[in-house]
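Scroll down for the structure; my scribbles are underneath it.
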Amino acid sequence: MMGSASRRQSLAALVAAYDSGITLFDTARSYGYGASESLLGEFFQSSSRRSQAILCTKFGILPAAPNWKNSIKPIVRTATKLFPSLRHAARTRTANLLSANHFSVEILRASLDTSLRELRTDYVDILLMHAAPLTVLAQHDLLGELQRLVDTGKVRLAGISGEHEVIATVLAQRPATLQTAQFAANISSFPFLTSLSSLAPDSPKLFLVANHPFGGVTGVTESRHRIAALSADCTLHPTLRAKLDPTDPQL
């Protein structure tokens, strides 16, 4: 959204998603070179859409200040379509435009105010600390401010997104303020996902959100290799092997 896809293409994708029944829309201050939230704000300016949707945004990773680079995004999109080998360089360059690990009360307040303005709403359903390190769990002033935002209604659920070891610690400690957690769930995540089954059934509930289902470019490549290996495994039933045809574009 607002990265490799233009605003027109991004809006079309949102329409298709919403019309297909998708109701959870996940964004962040840093997504789309800082323009993703305004895109969603435009799409959800219809009150009927907003009332049916769950809007999730994040703070902690800041987009670079607007500059001349934003004006050449259409050129970059065209170039990467014509020359796919440029995509890796473009992704690397994009990552360098972001500034991570900004977790303070002041940045939380400013970031949320910006998010609400861009999203054209007076509340967000979910606010996450974006790719947060374990140290945020000891920032009691920050957790206290998140709770205050929940109490005032600007945020419905406060939580954290991060690496599996961070989420595991959150699940073990269960800070009262953090009611939701987001983490990667894909073919390389099985050990962590399996560990979730050991959680005590009477422990406080969390709203868990899985992301990165394909594991990025590396994950997709690994998945294709595994599917190809399974399809060639003569010990598997022929019907199953036929369903694992590595040439199937849906795989």
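Where a number appears in this text, it was derived from the coordinates with a stated rule and is not lab data. Computed from a prediction, not measured in an experiment: that's the story for all the values here. Using ideal geometry, Cβ is built from the backbone for each residue, glycine included, and neighbour counts are taken over all protein chains shown.
Only helical runs count toward this figure. For the chain, summing -39,500 (n - 2.57) over DSSP H runs of n ≥ 4 and dividing by all residues gives -13500 deg cm²/dmol at 222 nm.
Rounded to the nearest 20, the size of the Cβ-charge dipole of region 112-191 about its Cα centre is 140 debye, with Lys and Arg at +1 and Asp and Glu at -1.
Between Val124 and Val155, Arg156, the built amide H atoms are under 5 Å apart, and every one of these is 5 or more places off in sequence or on another chain.
Taking the convex hull of the Cα atoms, report for region 118-251 its projected area averaged over all directions, in nm².
About 11.6 nm², averaged over all directions.
Restricted to Cα atoms, the chain shows a radius of gyration and a Dmax of 20.1, 60 angstrom.
Looking at the chain, what % of its DSSP beta bridges pair antiparallel, to the nearest 5?
10
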